[in-house]
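Read the structure below first, then the notes.
The values are calculated or read from the model by the stated rules, or taken from the named source; none is laboratory data. Since we're looking at a predicted model, the values are computed, not measured. Quick reminder, even Gly has a Cβ in these numbers, built from the backbone with ideal geometry, and neighbours come from all protein chains shown.
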Amino acid sequence: MFSAQDIAKWFLYKNNSKQKENIAINDDYEVYEGITHLKLQKLLYNAQGVFLALEDKKLFEEPLEAWEHGPVVRDVYETYCVFGRAPIIIPSTKENNEVVDEIERNEKVKNILEFVYDNFAIYTAWQLREMSHVKGGPWDQTIRNEEIDTEVIKDYFRKEVVAV
């Protein structure tokens, strides 16, 4: 099992790679905008949900909490909130590279993260926020600032997102 921080690094590296690809071919398609901490939180939420739905276990152990602007992994928030609304810049370090490489070698995890990135990174942070606020969804069913029940997330994603 990876940590939420590990998964966050993967999303940030993935997005950075896509941005570089698009610069190389002069494509400024906004899908590959920078990832803000709000968008990162929603990608983590969707990754956890899809993984729970498909694999019947958690992708990362840290809880998702129902904050005002949607599901949040507190530890990841505390790391990246300093960026505010600006895109997160993550350094290419040996440690970060090793974490991302380890995720890339795990076929199940990599495939699910690719699915989440391809299907959710196309939205803005605010669009993802609104999607996480859907009536009757896990965030909506949870008291603000409390932990969102994993079973509620899994059931929701099974019925509404991946339809297994």
*Count, please, the residues in the range 121-154 that happen to be more than 23 Å from L54 (Cβ to Cβ) and in contact with a Pro (Cβ under 6 Å, 6 or more places away or on another chain).*
0
*Taking only the range 88-99 into account, find how many residues are touching a helix residue (DSSP H, G or I) at 6+ places or on another chain (Cβ under 6 Å) and over 15 Å from L59 (Cβ atoms).*
3
*Which ones in the range 21-37 are closer than 21 Å to A4 by Cα and either crowded, with 22+ Cβ neighbours inside 10 Å or at pLDDT below 70 (or both)?*
I35, H37
